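Each remark here refers to the structure printed beneath this line.
The values are calculated or read from the model by the stated rules, or taken from the named source; none is laboratory data. Predicted, not measured: the structure shown is a model, and the values here were computed from it. Cβ atoms come from the backbone with ideal geometry, glycine included; neighbour counts cover every protein chain shown.
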Amino acid sequence: MNHDQLKDQLFAFHDGELSAESHARLKAHVDTCPSCQQSLLEWKDTSRLFLEPLRVKSSEIFVQQVMRRVRALEPEASGLGWPLFVRWAFPALALSVSSFAGAFVYTEQPLTAATPAIFLDEQEQPSALGSLSSVVADDQILSNEVTNP
Amino acid sequence: MSFTGIAIIEDLEIIDAVIKGDREAYAALVREYQTRVRGLCLSILLNAAEADDAAQDVFVKALSSLASYRKDSSFSSWLYRIASNHCMDQLRKRKRQKTDSLDRVTDNDDGEAGAFQPRMAEPSESLIEKTERLAGVMQVLSSLPADYREVLVLREVEGLSYEAIRVILKCSLDAVKTRLHRARHLLQDKSRHFLHSQSSSK
């Protein structure tokens, strides 16, 4: 591997991202190459001068500011407390119980004492249906009379 | 078990406690990760006050979606990703507002100067020299694209591996290497130019 190829790996070497074998090979080269040593030194200086100022100091005031905002959050907004499915479980259960109870009462209604006798007496049911069909038939006769007087 | 492994388990225990409703436990996570999140925000926004506001937003956002945090990646990577997305959004908003407004506060390339307050340097340095130097540093940094500054801070300041950076930036390993390589070369070019102009003006 020539000098330029080795120099291309200089940053990876600096970052410790080379394999053990490549690292050893590059280290052996850097130890004897003033140009690569200079490049590394130059980068370290640049990093110290321009990137170190971006290192932030720890601040307890910042922590307290965040916690003040956290405490002011509603439990729903913070997404914490009971998991979502648990929070919805109670209303969902109540709704299904009431729906089931309503359906049960409706279907069982004919058996109650308040139900008209016509539905309770099997003998009477055909005559009730018969009277309904006779009403429909009367309506048809009436409508024919109106359209064809 | 490694130190990092123990730290991850501790994080998970705290996260579980917070999810179960112990909000005060969240302070430990904020305390642990505040410098990194604020540093990342600062590298993108280049404004100390805005960076701290953004970092607060990041922690509140992270709390709100803590239940959706999947434990297959580290909490720090997840947090960094929220911070990165949030600050890039802020930057876009700022640029939109700047386009709408004619009131330009700064005259540098990105106008990302503001109230940048980096760390203090050597005590022997006079206040004027220090201010001049920091203004120069800021000028150079603001001339780099925000995603270059971000990747430089993740690598150089936070000391993250390429793999960890890949997870945060949601890109390929090759993309991380390329971006980092270009960012370094650009920063070196700009810094050489800056140092040259400094020395010739003296």
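The table that follows gives values for the structure above.
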{"quantity": "Looking only at the range B:6-46, and only at residues there that are in contact with a Gly (Cβ under 9 Å, 6 or more places away or on another chain) and surrounded by 22 or more Cβ atoms within 10 Å (Cβ to Cβ), the one that is farthest from the other protein chains (Cβ to nearest Cβ)", "calculated": "B:LEU45"}
{"quantity": "Members of the range B:159-202 that are small (Gly, Ala, Ser) and either part of a helix (DSSP H, G or I) or in contact with a Lys or Arg (Cβ under 8 Å, 6 or more places away or on another chain) (or both)", "calculated": "B:ALA164, B:SER172, B:ALA175, B:ALA183, B:SER191, B:SER197, B:SER199, B:SER200, B:SER201"}
{"quantity": "Residue that is nearest to B:ARG184 (Cα to Cα), among those in the range A:34-77 that are at the interface with chain B (Cβ under 9 Å from one of its Cβ atoms) and part of a loop (DSSP other than H, G, I, E, B)", "calculated": "A:LEU51"}
{"quantity": "Test: A:PRO110 is within 9 Å of chain B (Cβ to nearest Cβ) and modelled with pLDDT under 85", "calculated": "no"}
{"quantity": "Residue in the range B:81-103 that is out of contact with any strand residue (DSSP E or B) (no Cβ under 8 Å at 6 or more places or on another chain), at pLDDT below 80 and among the aliphatic types (A, V, I, L, M) present", "calculated": "yes"}
{"quantity": "Filtered residues of the range B:165-188 (kept if over 15 Å from A:ALA12 (Cβ atoms) and charged (D, E, K, R))", "calculated": "B:LYS170"}
{"quantity": "The range A:1-33, residues that are in a helix (DSSP H, G or I) and among the small types (Gly, Ala, Ser)", "calculated": "A:ALA12, A:ALA20, A:SER22, A:ALA24, A:ALA28"}
{"quantity": "Residues located in the range B:177-192, provided they are over 13 Å from A:PHE50 (Cβ atoms) and more than 10 Å from every other protein chain (Cβ to nearest Cβ)", "calculated": "B:THR178, B:ARG179, B:ARG182"}
